[in-house]
Amino acid sequence: MVDSNVPTPTPARPVERGDLAKLRATVAAYCTPEATALIERAYAFAAAAHAGKQRCSGDPYIIHPIGAAQQLAEMRLDATIIAAGLLHDVVEDAGIPIARVRERFGEDIAFLVDGVTKIGTVRLHGEQRYIENLRKMFVAMAQDIRVIIIKFCDRIHNLETLTYVPEHKRLRIAQESLEIHAPIANRLGMMEIKTQLEDLAFPFIAPDDAAWVNTLIAETYDERRAQCTALRTTLTELLTQGGIRIIGTSARMKGKYSLYKKLQLHERDITRIYDIVALRVIIEDITTCYAVLSAIHQHWKPVRGRIKDYIANPKMNGYHSIHTTVVTDDGAYVEFQIRTPQMHEEAEWGAAAAWRYHERGTYHAPNKQVAWVDSLIHWQRSVDDPHDFLAGLKTEVFRDRILLFTPRGDVIDLPEGATPLDFAYQIHTDVGNRTIGARVNGHAALHPLDRPLNSGDIVEIITDPKRKGPSQDWLHIVRTTHARSKIKEALRVQLRHHAAR
Ligand code: MN
C-alpha cells in the first residue's frame, strides 16, 4: 500500500524518454528514409494536435507520445507501429476524429490508434473495472497484437512519470500495471516489457519492500557481476578448446519485482535464490546448445533438479532455452542459459519479435494473432459469470504452466498449482470421477489429492470402478476450470439420482 509518510519514489528513468532528438537518433539507426519520413509526419501531426496541453508534470503533452514511441523504437519495431505510437492519444486527449487520422495516415495506422483509444476508455470501479479492462485487452489482442504492444509502451511511459500524477490515481495505475499489463506481457513472451512494467510499478505498490530489494541488490549484484566476468573467461576458453564458437554472452540480472516475489517464497533469504544473475550463452544451433551444456557440466558440478530443458519442453509462452545451475570453483551458485540467436530474440521480445527490423534489413511477415489469444477469446465467450471469468483467468492465463507425465509417458500440461484431481480430469472425466488416490514418481506412499504437483512429476491415478462420483469438497481442491465444471456436472447428476429415488 502507498503510505503518505514514505517519500515519493523518483522516476526510474527521468523524462528524457520524451526527448525528440533522442527518438530521431534511435529511429535513424535502423529505419529507411521513407520510414523516417512517415514517423516525422506522425510527429508533426501529434505535436499540432496536443499543442498547448500539458502533462501532470507541467511538461508539454507531446513528451508522452514521444516517450511511448521511444520505447517502441528501442524495440526496433517498424515505422507503422512507431507512427501509431506517436498518434495514440490524438483521438482521446486531443479530440481529433479518427476519420482524420485515417485520411492522413491510412487504414492500418487508424486501426491501431482506434484500438489503443478503445482500451483506454474504461470508466468503472473495483473488480468490474478490472474485468472490463481485461476483456478489452483480449478483444484488442485478438484483432491485432500490435495494439497491445503500443498500449504497453504507453503504460511504461505513464509509469516513468507516475510521480507527477495525483496520489489517489497513482496506486490504481501501478496496480493495474502489475495485475493486468505485466501478466499479459509475460504470457506473450515479452519479458523485457514485463520486467519494465513490474519494476516501474513496484515502488508505488510496496515502497518499503522496493527499498529493501534495492539495498539487497546494491549489496550483492556487484559481487555477482564480478563472478560472471570470471566465469565468462573460463567458459570461453573451455568452449574454444572444444571447437565451439560463441556468438555472444551476457549477464542477466533478475528484475527487482521478480526477485522480490521469489524472496517471498524463500523466507526472504537471498542466499536461497540461485538465479539472481544468469549467464547467457548464445551459440549457432540447437545441437551446439547441448554440447555447451555438456561442456559446462564437465567443468562445474550441476545442482540437482536445476537443469531445465525448455528446448525439448518449451514454456507455454513459447520460451526456449536450456537452463542449468552449477556450483562454481569458489562455491557460488550461477545459472547458465543456453540458446540460439533466434531463441534469444524471442525470449526478449516474444510476440513483438515478428515486427522487429533485423540487421539483415528485413523482417518476417508476422502473424497478427497469437494462438492462445484465440482460444482465450473462445473460452471467454463461454463464461458468463464475471467471477468465474476472473477466477478462470487467474489460473488459466496468469499462472505458469507445468508439464506432467502419465506412467506411459504422455504429456499433460496444467496451470501451476494443479493437483492430482486436475490431472485425473484432464485424462478423462470417468477417470476423474472415480479417483481414489494418486501415486507420484513411483513412491509407495500416496500423494494427497489436494497437494499440488510439480513440473516433471509422473502421476499415476488410482481409480475405483465402484466409486459413485466426486465429492462436494473437490470443488475447493481443483485449480482448473475444466475439472471444476466436470465435477459440478457430476454432482448435478448425483443429485438428480437421489431426487428420483
Ligand atoms: Mn497515452
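The values are calculated or read from the model by the stated rules, or taken from the named source; none is laboratory data. Predicted model, so just to flag it, every value in this text is computed and none were measured. A quick note on method: Cβ atoms are made from the backbone with ideal geometry, for glycine too, and the neighbour counts reach across all protein chains shown. Accessible surface is based on the protein model in full, side chains and every heavy atom, while ligands, DNA and RNA are left aside. Shrake-Rupley method; radii C 1.70, N 1.55, O 1.52, S 1.80 Å.
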(Q) Starting from the 7 Å offset along Cα-to-Cβ, what nm value, one decimal, do you get for the label separation of E416 and D222? (A) 3.2
Q. Based on the alpha carbon coordinates of the range 24-154, what radius of gyration and maximum Cα-Cα distance (Dmax) apply, in Å?
A. 14.6, 47
Q: May I have the pair-distance distribution P(r) for the range 250-347, computed from all Cα-Cα distances with 10 Å bins from 0 and rounded to whole percent?
A: 15, 46, 33, 6
Q | Accessible surface ranking that places the most exposed of H428, H181 first, with a 1.4 angstrom probe | A | H428, H181
Q) Given q = 0.05, 0.08, 0.09 Å⁻¹, what are the Debye log10 I(q)/I(0) values for the chain, with equal point scatterers placed on the Cα positions and solvent ignored? A) -0.23, -0.60, -0.75
Q.
Cross-link candidates for K118: which lysines have Cα within less than 17 Å, leaving aside residues fewer than 8 places away along the same chain?
A. K136, K151
Q: Find, among the trypsin sites (Lys or Arg not before Pro) in the range 103-192, those assigned to loop by DSSP (not H, G, I, E, B) with at most 14 other beta-carbon atoms within 10 angstrom.
A: R123
Q: Using all C-alpha to C-alpha distances in the range 195-245, build P(r) with 10 Å bins and read off the rounded percent in each one.
A: 22, 28, 22, 19, 9
Q: Mind putting a number on the dipole of the chain about its Cα centre? Charges go on the C-beta only, +1 for Lys and Arg and -1 for Asp and Glu, and I need it in Debye to the nearest 20.
A: 1100
Q: List the lysines whose Cα lies under 26 Å from the Cα of K488, skipping any in the same chain that are fewer than 8 positions away.
A: K394, K466, K468
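Which links in K22/K256; K194/K256; K194/K315 stretch past 20 Å when you go from one Cα to the other?
Working: K22/K256 27 Å; K194/K256 12 Å; K194/K315 16 Å.
Beyond 20 Å: K22/K256.
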Q. Aspartates and glutamates near K486 by alpha-carbon distance under 12 Å, same-chain residues fewer than 8 away left out - which ones?
A. D422, D430
Q) So what are the range 173-309's ellipsoid semi-axes, whole angstrom, largest first, if each one is the square root of 5 times an eigenvalue of the alpha-carbon gyration tensor? A) 32, 18, 13
**Q.** Accessible-area value, D154, 1.4 Å probe, nucleic acids and ligands omitted, Å²
**A.** 10
Q.
Give me the mean projected area, in nm² to one decimal, of the convex hull enclosing the Cα positions of the range 81-216.
A. 8.9
